[in-house]
Each structure stands twice: as structure tokens, then as C-alpha cells.
Amino acid sequence: METFKKVLSITLLILSLSILAACGGKDPLAEGKTQINFWGWGDQSEVAVFRSLVDQYNETNEDNIFVNYTQKPSSGYESSMERTLSGSRAPDIFYVGDGTVKKWVELDYLYDITELVNNSEVIDLENIWPTAVSRYRYNKENRTSNETDPIYALPKDIGPTVIYYNADALKAVGVTIVSKDLDDATITSEEQQGFNLEAKIFNNRIPMTWEETQELSYLLTKKHNANAITDYGYYTEWWFNYVWSVGGDVLTMNNNGDYEFSLGSETPNGENLPSTRDAFKHFVDLSTVHETSPKPNTISTVGKTNYFTTGKVAMMVDGRWSTVTIRKDANFDWDVAPLPVHENGIQAGHSGSMGFGIWKRTSKSQEAFKFMEYLSGPIGQAAQSETGFNIPNQIDLANTEVFLQSDQKPKNAKTFIEAAMHQRPGDWAYLPDSAWITVWAPTLNGAVLNGQTNIDQFFNQVTSATNQILKTYTE
């Protein structure tokens, strides 16, 4: 890992000096080569990694290719790119999000890379998370993302969601933390659940049930426990893992072939499983009934990650991307644990992902894909994982020290790997655009979670209007 860092640093230094020495500011490495343009965005550490990767590729590739890298602002990236991609001049390769890919396929902006992937000697789809690849597959005729549908991008990364927890806050209320799998020979009967209230034992290797999460949250919330050192016990802004854990969803298709808004379905999802509506209500009740979770209007001014790192909330659900900030800002002991699961349900949750796409109208698709192989292959993935921002798209690489980084927090990093196996994209990736989501999501994230509107009023307000918009997707 250190060797790889040194190679990148030395390469970057050498190339920087050669660029400065070149007359007219032109890089001599570009002479006589096919030049392609690559656009991306990110924070300072991510941009630094990609500049180094581009420099290294330009110096070492034997494909007679030179890459020009342009950093674009993250704010407004999607709309700005759409204006560019619809024109006559656009980058050959660029970032495309899992919530954008379907829309850009429909707009004919993305090149179908299926054949290139299948013939690649670098990209092995069996070694990339299935949940990552599937979100970049799309058949625009059937609007499906099945295993045999065309591929329009390769994942740059995948960011599973987990519980980040303040270990000092747990210890302050008398909770003992263990990290033992069920097949661990030393595990006791008291340790064989996520949280044992009677024994006050928290096992970060086993998902807590909804009830266990609530019991622990009460202990960690000052309003309910004077010994708590955090204001709130638990915070999540997402309903996904609750509804998905019991087999429910926000969107279903009826017998007429139309989509329906199903978050309010009162039909039980199976034996000993609650309805989708009840699962959703459990999520809403965290802040409005139990008050173990901060309301959005409480947390909005400072941001959830800051709320966690400043010790105001003991447990926070977030993606791998927050690891970098938490490593830097948290002045307490912390680690990660799996998302809660219904006692009779399945593990569920969402992950975010960004991919690399190729412009449909480029004349340099082969060259762009060569560079894409480099970024999505072992070298590019190892460099990105070094930052701690995401886990590599390759399964075998994720199980090495390149990602696990046992000398740094979180110690329970393999929780991210396990989450990547079953987590999928959120509702933003269901359809080619988010028009149907904007009908109900602002009310949920505002009035409902702030306790101003109950869920009966919520569904009465948004269900019909959402279904009207959903019909337009199949007309």
C-alpha cells in the first residue's frame, strides 16, 4: 500500500516537472497520440487521486493514448453535462451516477459498452459486485435492468450504508461492545444478538432488530436517560432498509402494467411480517414518537455527519463516503455495524454508486474504453480505495488490506463488504427521472419527519398525485 503511494507521488512529481519544462505548456507525452477527454468531480482527495491516475496512465500506457482530465464542479453537474452531451463537443469519458444512467440512455447520450466489456481481458464482471453492475444495465425498450440487458457504464465505486456508532457513548451508559460472528468459538449466548438489553452487550458483527435498535437508542438519548452523553441515540434519513427488510417497496406494478406508489400498502408482506405502511411508520416514529432521533429541522443547519462527529447523536446511518470526514473530525472512539433488520425479515439497505460512461457520439470509443479499463481495473480501484472514500468495485480487492486498512478506523470494515453484497440503489434509480419522487419526498422529509403531518394525512395528500405521474411512464 505504501509502495503504491510512493509510485503515484514520484510519477506525479516527474510528470509535473516535465510539463513545466515543455514549451508552450504542452505535455510532450501527448505528441503523436490519440487524445481523449475525461471529466469528473470530487473533493480534494478524490481529484488528487484521479490526477495521479491520469498522469500515471499517460506515462505508462502502451495504447498510444493521452488523457486530458478536467475537474468539473459537483454542484449542477448533471444539468451541465446534459447541455454538453446534447451538443457537438463533449468529453469522451465522464462520470455518470446510478440515478442518472437511465435518463441518459433514454436521451441517447451513452455508448453501449456491452460488447467491449464482454471482450475485455481486464474487466471481469464476476469479480464486480452484482449490485453495482446491475444499476448500469438498462433496456430502454422494456425499461428493465436485468442480467442480460445492455451495459452503459462501469462502476467507479460503490458506497454501502452502515451504522456509524460512537463507542465512547455506548460505554458511558454501561454497554459492553464485542465483535464476534455467530460461528466464533468464543461467542456466548448473551452475545448472539445485535444488542442484548438485559446484559447490555452490543455485538457489531450481528444486525440489531428494530426493537433492539430502539432499546439501545433510548439508552443513548439524554431525554430518556440522564446518563447519556449524546442528545440522541440514532439517526437515519432513509426508510429503505425498513421497508425492504420486510419485502415491501415504494413502487410496484399492477395487473394493468402501470406503476403504483405502494409505500402506503397495508397488506402484510408475508407470515410474521408487517405491511409496507407499518414498516414505513416505524421509520417515521423514530423522530416523531420515540424522539430518539433528531428531526430534520434540528439537524439541517449543521449536517448529519457533523452532528455525529460533534457527539450529538450516538449512531448514524450513512455511506462509506463519510469515513474520510469521520476519521478526520471525530475525537472519540468509533466503529461501524450492520443496518437494523426486522426480526423475521432479511438484511436490506441501499448503496450509492458513481460510474464511468462513454459519450454516444464519440469517435474514440475504443480509446475511451481502454482508459475505462484502467480506472475500473485493479490499479485504478486500488488507488481510489486508499482514500477510504469508497470500497473497490472488485470483490477480491475489497477483501485485502488495500481496502480493509486494519491500521485505521473503522476496525469492523468488513461490514461494508457484507453490505455491498445485498444493498441496491435507492428510489432515485427506479425510473429515468425523479419527477414521481418530487411529489411526495419533500413532504416526507419536511412536514412528516418534523412531526407536523401524520402518515395518514401524508398518504391522503400524495398518493393520488404520485400515481397520476407514474402513469405517464408507461403510456
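Please treat every number below as a calculation from the coordinates, not as lab data. Please read these numbers as outputs of a predicted model, since none were measured by experiment. When we count neighbours, we look across all protein chains shown, and the Cβ atoms used for this are built from the backbone with ideal geometry, even at glycine.
Near the amide H of Q35, within less than 5 Å, lie the amide hydrogens of F66, all on another chain or at least 5 residues away, with H placed in the peptide plane. Secondary-structure-derived ellipticity at 222 nm for the chain, considering helices only, amounts to -10000 deg cm²/dmol, per-run term -39500 (n - 2.57) for DSSP H runs with n ≥ 4. Here the calculated FRET efficiency for N119 and E141, from their Cβ-Cβ distance with R0 = 22 Å, stands at 0.40, rounded to the nearest 0.05. Gyration tensor over the Cα atoms of region 381-434: the corresponding equivalent ellipsoid has semi-axes (square roots of 5 times the eigenvalues, largest first) of 25, 12, 10 Å. Compared with the direct C-alpha span, the chain from R361 to M253 gains 35.4 nm at full extension, assuming 0.36 nm per residue.
Under a 5 Å amide H cut-off, with hydrogens placed 1.01 Å from N, G426 pairs with S351 among residues at least 5 apart or on other chains.
The phi-based Karplus calculation (6.51 cos²θ - 1.76 cosθ + 1.60; θ = phi - 60°) puts the 3J(HN,Hα) values of region 351-364 at 9, x, 7, 10, x, 10, x, 10, 5, 4, 9, 5, 9, 10 Hz, whole numbers, x for Gly and Pro. Ranked for footprinting exposure by Cβ neighbours inside 10 Å, fewest first, L263, L85 give L85, L263. Within the set of other residues whose C-beta is less than 15 Å from the C-beta of F66, count the net charge using Lys and Arg as +1 and Asp and Glu as -1. Computed value for this residue: -3. Span-like helix criteria (full DSSP H runs; alpha carbon extent of at least 27 Å along the helix axis; mean Kyte-Doolittle hydropathy of at least -0.5) are satisfied in the chain by 2-21. Across the alpha-carbon set of the chain, the Rg to Rh ratio works out to 0.99, Rh being the Kirkwood radius. Estimated translational diffusion coefficient (Stokes-Einstein, Kirkwood radius over Cα pairs, 37 °C, 0.692 mPa s) of region 215-339: 203 µm² per second. Applied to region 291-306, the Karplus parametrisation 6.51 cos²θ - 1.76 cosθ + 1.60 on θ = phi - 60° returns per-residue 3J(HN,Hα) values of 6, 9, 10, x, 6, x, 6, 7, 9, 5, 6, 10, x, 5, 5, 5 Hz, with x for Gly and Pro. Taking label points 7 Å from Cα along the Cα-to-Cβ direction, W238 and D27 give a separation of 3.5 nm.
Size of region 32-179 from its Cα atoms: along the principal axes, largest to smallest, the extents are 66, 41, 35 Å. How big is the Cα convex hull of region 362-475 in projection, averaged over all directions, in nm²? Computing the convex hull of the Cα atoms and averaging its projections yields 11.9 nm². Each part gets one Cα centre, and for region 358-410 versus region 304-356 those centres are 22 Å apart.
Coupling constants for region 107-116 follow from the phi torsions by the Karplus curve (6.51 cos²θ - 1.76 cosθ + 1.60, θ = phi - 60°), and in residue order they are 7, 6, 9, 10, 7, 6, 9, 3, 5, 4 Hz; glycine and proline get x. Close amide H pairs (under 5 Å, H built 1.01 Å from N) link F94 with W39, G357, residues at least 5 positions away or on another chain. Relative to the 2.2 N^0.38 Å rule of thumb, region 155-303 has a C-alpha radius of gyration ratio of 1.21. Placing pseudo-labels 7 Å out from each Cα toward the beta carbon at N127 and T301 gives an inter-label distance of 5.1 nm. Within region 235-254, what residues put their amide N at less than 17 Å from the label point 7 Å along the Cα-to-Cβ vector of E271? Within reach of a label on E271: 247. As an equivalent ellipsoid, region 410-466 spans semi-axes of 31, 17, 8 angstrom, where each value is the square root of five times an eigenvalue of the C-alpha gyration tensor, largest first.
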